[in-house]
Amino acid sequence: DNIIPVNNFIGYLNSIPVAFDEVTNMSPAAATEFTLNFTSGRGKMRADRDGNNKANHTSWDTIVVCTSNTSMYGKFSQERNGYNAEAMRLFEVTVPPPVTDAVEAAKLKYKIDAAMQVISKNYGVAGRAYIPYVIRNKERIRAILAAKTQEVLAKSGATNAERFWAVLLACMYVGGSISRNLKLHTYDPKHLMNWAMGQVDTARSSVQDTFVSANHVLADFFNSSIGTTVRFNNGAIDISGIGMTMREVT
């Protein structure tokens with residue numbers, strides 16, 4: 001849960017997209033701090049033992065993709081600080097199992113394993129074509145990104161608090177379009193954008209459900225303190241509910 005090395009790693013990459021395979025075990029406090037720090041573009045300022053600010057030269061301007069078996073919105077709710085700014089900087093989608101049939105699952109695993117073999121030997125072939133193009137056309141691309149962001153804001157009905165989502169989707173679409181024009185892939189970014197736009201309402205509902213519901217607030221508090229909770233029933237200690245979560249108790 002020490003995010004300082006994570007910040008340093010992202011800072012070294014600077015503008016290269018970052019992927020974390022698993023953040024399931026990240027604590028609510030670390031998840032909240034990491035999200036707020038990351039979207040600020042630099043690590044948190046820290047002081048030495050004498051109270052003097054340490055030099056902080058680590059900065060970045062990129063996107064992070066993470067996988068988790070638990071909702072990050074849920075982690076944020078457990079570390080609630082009276083606002084949900086961190087949730088508005090995260091765009092979370094649920095990825096269902098691609099197949100359920102055992103035979104098809106085995107075929108898919110074979111394809112994934114083969115793809116991983118290719119990826120493990122890829123040291124940025126696409127980047128050699130993509131990055132020079134972006135550098136040569138950066139001002140024009142910035143204008144296109146700004147226009148696409150405004151289009152996403154208008155179509156999704158996003159609020160100012162949801163601007164991070166709009167920028168993310170715009171970057172995805174523009175980057176995907178550029179790389180397709182460079183013949184780096186063959187998928188249609190329009191289809192991906194349509195899917196992503198359909199996820200905005202889902203993300204919005206997830207944030208609202210997590211941070212607005214009083215039941216969730218109480219449930220998260222009791223579940224996080226279940227080991228130190230004593231229940232009383234008619235003046236006597238009631239042990240019948242031990243091991244149950246508050247969402248199971250009606």
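The values are calculated or read from the model by the stated rules, or taken from the named source; none is laboratory data. Being a predicted model, the structure only gives us computed values, none of them experimental. In this analysis, Cβ positions are derived from the backbone assuming ideal geometry, glycine residues included, and neighbour counts consider all displayed protein chains. All accessible areas refer to the heavy atoms of the entire protein, side chains included, with ligands and DNA or RNA removed. Shrake-Rupley method; radii C 1.70, N 1.55, O 1.52, S 1.80 Å.
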Region 1-65, accessible area per residue, ligands and nucleic acids excluded (1.4 Å, Å²)
63
Once the piece of chain linking ASP188 and ASN234 is laid out straight, how much longer is it, given 0.36 nm per residue of separation minus the C-alpha distance between them?
10.2 nm
Can you give the Rg to Rh ratio of region 33-100, both from alpha-carbon atoms, with Rh computed by the Kirkwood formula?
1.10
Length released on extending from ASN2 to THR58, taking residue separation times 0.36 nm less the Cα-Cα span
18.6 nm
Where Rh is the Kirkwood radius over Cα pairs, Rg/Rh for region 1-144
1.04
For region 140-155, Karplus couplings with θ = phi - 60° (6.51, -1.76, 1.60), whole Hz, Gly/Pro x:
5, 5, 4, 5, 5, 4, 5, 5, 5, 4, 5, 5, 5, 4, 5, 5
Whenever you get a sec, compute what percent of the accessible area on region 1-59 sits on carbon and sulfur atoms (1.4 Å probe).
51
In debye, nearest 20, what is the charge dipole magnitude of region 48-105 about its Cα centre with +1 on Lys and Arg Cβ and -1 on Asp and Glu Cβ, if you could check?
280
So which chymotrypsin sites (Phe, Trp or Tyr not before Pro) in region 1-49 pass both tests, a DSSP loop state and at most 11 other Cβ atoms within 10 Å of the Cβ?
none
Spin-label pair GLU139/ALA161, simplified geometry with 7 Å Cα→Cβ offset, distance in nm
3.8
Cα-Cα pairs of region 1-62 separated by more than 17 Å (percent):
42
With 10 Å bins from zero, work out the P(r) of region 63-219 over every alpha carbon pair and list the percent per bin.
9, 28, 32, 24, 8, 0
Kindly write out, for region 23-35 in residue order, the coupling ³J(HN,Hα) from the Karplus curve 6.51 cos²θ - 1.76 cosθ + 1.60 (θ = phi - 60°), rounded to whole Hz, with x marking Gly and Pro.
10, 4, 8, 5, 5, x, 5, 5, 4, 5, 5, 4, 5
Could you work out, for region 64-157, what percent of all Cα-Cα pairs fall into each 10 Å distance bin, beginning at 0 Å and stopping at the bin that holds the largest distance?
11, 20, 29, 31, 9
In nm, to one decimal, how far is the ASN69 label point from the ALA85 one, both placed 7 Å along Cα→Cβ?
3.3
Among the lysines, which fall within straight-line cross-link reach of LYS54, defined as a Cα-Cα distance under 28 Å, with same-chain neighbours fewer than 8 residues apart omitted?
LYS44
